[in-house]
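Worksheet: the structure to be examined is printed underneath.
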Amino acid sequence: MKPTLFVLAAGMGSRYGGLKQLDGLGPHGETIMDYSIYDAIHAGFGKVVFVIRKDFEDDFRSKILSKYEGHIPVEVVFQSTQDLPEGFTCPAGRTKPWGTNHALLMGRNVIKEPFAIINSDDYYGRNSFEVMAQELSNLPEGSKHNYSMLGFKVGNTMSESGSVSRGVCETVDGYLTGIVERTSIAYDENHNIFFDDEQGHSVQLAPDTPVSMNFWGFTPDYFDYSEQAFVEFLKAHINEPKSEFFIPTVVNRLISEKKVRVKVLKTDSKWFGVTYSADRQGVVDKFAALHDSGFYPDSMF
């Protein structure tokens with residue numbers, strides 16, 4: 001069975017100032033998602049599921065999904081702050097989404113096979129999809145508890161427009177032992193990479209340090225773990241307006257409890273995306289160069 005690609009496309013795009021998912025950045029109006037879907041199809045994924053917000057469904061279907069007809073089966077699910085387990089009610093005035101692992105849970109009724117999950121507004125590079133598709137396709141039938149994650153080299157994920165936050169991976173023998181969220185990762189005047197630790201000290205990162213860019217490989221049993229973890233999260237944090245239920249938080253806990261293993265897959269792909277509005281032109285230029293070189297055709301769909 002071919003793996004499924006699950007695309008998180010419900011984000012607000014607040015730092016960018018708009019819906020990044022619908023922004024045409026390629027020379028022919030391609031969105032970042034178009035490149036991800038094209039690379040996923042050629043890597044061997046068999047279906048795409050998008051999680052979006054209901055309020056931009058019409059635009060999404062007309063501008064995005066219509067392009068993929070005849071190329072790959074597509075489904076859409078919706079993330080809503082009101083979609084909570086039985087016994088829980090969303091607090092009045094809550095507008096912030098519940099986070100990436102809540103968005104992932106929206107796929108539980110339509111995904112029954114191994115799947116990869118990605119952000120809609122990140123360009124991951126073709127090799128990343130090839131590596132993940134091979135990993136998921138080679139899993140034994142009925143496989144459980146053995147997950148994977150693309151470990152990008154931090155030097156391949158930086159923004160020239162400002163600092164970034166990255167999940168820095170800790171590994172043993174190629175398997176994840178934990179992810180530590182590091183903020184304010186940026187270049188210094190010598191183009192070395194530093195972050196601020198908990199004490200505010202500046203710490204250098206080697207360019208090949210593996211980081212998570214939210215490109216995960218799971219089997220469907222992860223939905224069961226996520227449902228249990230979400231109930232526990234809500235019991236503790238439901239009344240905190242800015243609380244979010246993140247994938248790395250759940251994965252870290254499962255690893256610490258020795259319930260799962262997560263293989264860190266290697267890739268030399270260079271990530272890029274539009275974290276800040278100032279990043280946009282650089283991304284436009286990169287896509288133009290990829291088309292000019294023949295890496296992508298003029299008409300992908």
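For region 28-53 and region 62-90, compute the distance between their C-alpha centroids and round to whole Å.
14
Please list, ordered by chain and number, the residues whose modelled amide H lies under 5 Å from the amide H of L25; skip anything fewer than 5 residues away on the same chain.
Here the answer is E30, T31, I32, since their amide H atoms fall under 5 Å of that of L25.
What does the net charge come to around S243 if you take all other residues with beta carbon closer than 11 Å to its beta carbon, with K and R at +1 and D and E at -1?
Details: positive: R94, K96, K242; negative: E240, E244.
Surrounding charge for S243 is +1.
Using amide H atoms built in the peptide plane, which far-off residues or other-chain residues are under 5 Å from K47 H to H?
L5
Wrap a convex hull around the Cα atoms of region 161-273, take a quarter of its surface area, and give that in square nanometres. Walk me through the numbers before you get to the answer.
Details: hull surface 37.0 nm².
Result: a mean projected hull area of 9.2 nm².
With every atom except the alpha carbons ignored, what do you get for Rg and Dmax of region 123-163, in angstroms?
Rg, Dmax (Cα atoms, Å): 14.2, 45.
For each pair in K96/K153; K2/K266; K153/K263; K112/K263, compute the distance between the two Cα atoms and list the pairs where it is over 23 Å.
On the way: K96/K153 30 Å; K2/K266 21 Å; K153/K263 15 Å; K112/K263 21 Å.
From K96/K153; K2/K266; K153/K263; K112/K263, over 23 Å: K96/K153.
Need one number: % antiparallel among DSSP beta bridges in region 4-292, to the nearest 5. Let's see the in-between values first.
Details: 27 of 48 bridges.
Around 55 percent antiparallel, to the nearest 5.
Taking 2.2 N^0.38 Å as the expected size of a compact globular protein, what ratio does the Cα radius of gyration of the chain give against it, to two decimals?
Working: Rg = 18.7 Å, N = 301, 2.2 N^0.38 = 19.2 Å.
Rounded to two decimals, the normalised Rg is 0.97.
Give me a comma-separated list of calculated 3J(HN,Hα) values for region 164-169, in order, Karplus coefficients 6.51, -1.76, 1.60 applied at θ = phi - 60°, integers in Hz, x for any Gly or Pro.
Each residue of region 164-169 in turn: 10, 10, 9, x, 7, 8 Hz.
Run the simple label-point estimate for S256 and H291 please: 7 Å along Cα→C-beta, distance reported in nm.
Result: 4.7 nm between the two label points.
Quickly rank 202-208, 32-38, 49-55 as a protection proxy: mean count of other C-beta atoms within 10 Å, highest first.
On the way: 202-208: 12.4, 32-38: 23.3, 49-55: 19.6.
By packing density, highest mean first, the sequence is 32-38, 49-55, 202-208.
Sorted by average packing, counted as other Cβ atoms within 10 angstrom per residue and highest first, what order do 275-282, 185-192 take? Show your work: numbers first, answer last.
On the way: 275-282: 15.1, 185-192: 11.9.
Ranking, from highest mean packing down: 275-282, 185-192.
For q values of 0.13, 0.15, 0.24 Å⁻¹, compute log₁₀ I(q)/I(0) with the Debye formula on a Cα-only model of region 74-171, without solvent.
For region 74-171, the Cα-only Debye profile gives -0.70, -0.90, -1.37.
Quickly rank 58-71, 244-257 as a protection proxy: mean count of other C-beta atoms within 10 Å, highest first.
Values: 58-71: 14.1, 244-257: 18.4.
Order by mean packing, descending: 244-257, 58-71.
HN-Hα J couplings of region 293-299 from phi, Karplus 6.51/-1.76/1.60, θ = phi - 60°, integer Hz, Gly and Pro as x?
For region 293-299, the Karplus-derived couplings read 7, x, 5, 10, x, 5, 10 Hz, x marking Gly and Pro.
Treating only the Cβ atoms of Lys and Arg (+1) and Asp and Glu (-1) as charged, compute the dipole magnitude of region 4-292 about its Cα centre; round to the nearest 20 debye.
Values: 28 positive and 39 negative charges, 86 e Å.
The calculation lands at about 420 debye.
Bear in mind these aren't lab numbers, they're just calculated from the coordinates by the rules spelled out. Nothing here was measured: the structure is a model prediction, and the numbers come from that model. Note that each Cβ is placed from the backbone with ideal geometry, even for glycine, and that neighbours are counted across all protein chains shown.
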